[in-house]
Amino acid sequence: MEITIDSVIDALKYVDDPDLKKDLVTLGMIKDVAVDGKNVSFTVVLTTPACPMKDMIHNACVNAIKFYVDKEAIVNITMTSNVTSTRSTDNSTLSKIKNIIAVASGKGGVGKSTVSANLAVALAKQGAKVGLVDADIYGPSQTIMFDVQNDMPAKSEFDGKPKMAPVESYGVKLNSVGFLAGPDQVIALRGPMASKALTQLFMDTNWGELDYLIIDLPPGTGDIQITLCSTIPITGAVVVSTPQAVALADARKGIALFKLPALNVPVLGIVENMAYFTPEELPENKYYIFGKDGAKNLAEEMNLPLLGQIPLVQSIRESGDIGRPAVLQETTPQALAFREMAQNIAQQVAILNANKMKESVTS
């Protein structure tokens, strides 16, 4: 039987995106279909380069062509991506940023900055354009984690006005309040002044085109968090917690903050950090030092996705101290955990955007 472009497109209508619950053709994810005898080629445009279902979608497309068109077809698929966004455009330096993700915690010491750094690098490694704002004004640490303590933002220009150009490291565009003060200097600002300084950090940086801008928020639920969430168009928030009851109580408050009607920031899910301890010499062993599945149980209770469970491993701390995020280790259990977490977060952003677009069409 002769293979035609129409028969290929008809076959691909049987392949659904697992998250968006519609077929790839209807979603406009199939491009550049070409047929040459038994050779079939086309491009699948995913909603994020970090799509965790990439291999599943690829295999489903191949199987659909062989089942509905020709079992002897030679299928060549190019997998690419176009990160979705529902942000309205404006004239600010944030205008070309598709998604802004806030990483928050109810309390300090749960590894929020480590999660933020590894999330940014993981997304960049998978092909996304990524930026990171270190908004933890009283304890900035991203300059250390990205090994750029001695760097400074360069001069730039946006719309004829002077701006800062972010520092780049590991494929991530970075700006931090840590660049504004030396290692021995304290940033002594009261709440309103601190909030104003951080808002300027966003607006006075020429970010360019980004798929994701990650915000490493300060811990807590105070004035800075409220101001940023009110003035910055945040796509969604990720809440980081460790498994013990004290941290979970504060994580609840962090989630409640985003759900306030005045803010109404969607919570993408919860990351459980320090979920278990694994000694380097016994990589298969798990010791639940802070309790088992605390954040997992909280996620189930609050009907939120559990985005990842990150182990307590010495090399994660060492990697942060030397300015080389652990996800760069590629194949270690901790690197794989961070990569899976990043894929899950990107997946939740894509689902959120798809639902928003669906609502705008039906309303």
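The values are calculated or read from the model by the stated rules, or taken from the named source; none is laboratory data. As the structure is a computational prediction, the values presented were derived from the model and not from experiment. Here Cβ is always computed from backbone atoms with ideal geometry, including for glycine, and neighbour counts include all displayed protein chains.
The single residue among Ala245, Ala251 that is touching a Gly at 6+ places or on another chain (Cβ under 8 Å) and crowded, with 20+ Cβ neighbours inside 10 Å turns out to be Ala251. Scanning the stretch 270-292 for residues that are surrounded by 14 or more Cβ atoms within 10 Å (Cβ to Cβ) and among the polar types (S, T, N, Q), we see that the one that is modelled with the lowest pLDDT is Thr278. Give the stretch 139-178 a look and list any residue that's in a helix (DSSP H, G or I) and without any contact (Cβ under 8 Å) to a residue 40 or more places away in the chain, or say none. Once the filter is applied, which keeps residues that are in a helix (DSSP H, G or I) and without any contact (Cβ under 8 Å) to a residue 40 or more places away in the chain, the stretch 139-178 yields only Thr143. Taking (1) surrounded by 14 or more Cβ atoms within 10 Å (Cβ to Cβ); (2) in contact with a strand residue (DSSP E or B) (Cβ under 7 Å, 6 or more places away or on another chain); (3) more than 23 Å from Val121 (Cβ to Cβ) in turn, Asn297 satisfies each apart from (2). I need the full set of residues from the stretch 194-223 which are surrounded by fewer than 20 Cβ atoms within 10 Å (Cβ to Cβ), without any contact (Cβ under 8 Å) to a residue 40 or more places away in the chain and under 19 Å from Ser105 (Cα atoms), in order please. Result: Gly222, Asp223. Taking the criterion of being farther than 22 Å from Gly254 by Cβ and either among the small types (Gly, Ala, Ser) or part of a loop (DSSP other than H, G, I, E, B) (or both), no residue of the stretch 105-121 qualifies. Only residues that are in a helix (DSSP H, G or I) and either in contact with a Lys or Arg (Cβ under 9 Å, 6 or more places away or on another chain) or farther than 17 Å from Asp55 by Cα (or both) were counted in the stretch 328-340, giving 8. Identification of strands (runs of 3 or more DSSP E) wholly contained in the stretch 1-104 with 2 or more residues that are of a type in the set (D, E, K, R) yields 30-36.
Considering every residue within the stretch 52-60, establish whether at least one is farther than 29 Å from Met357 by Cα and within 16 Å of the chain's Cα centre (by Cα). No, the stretch 52-60 has no match at all.
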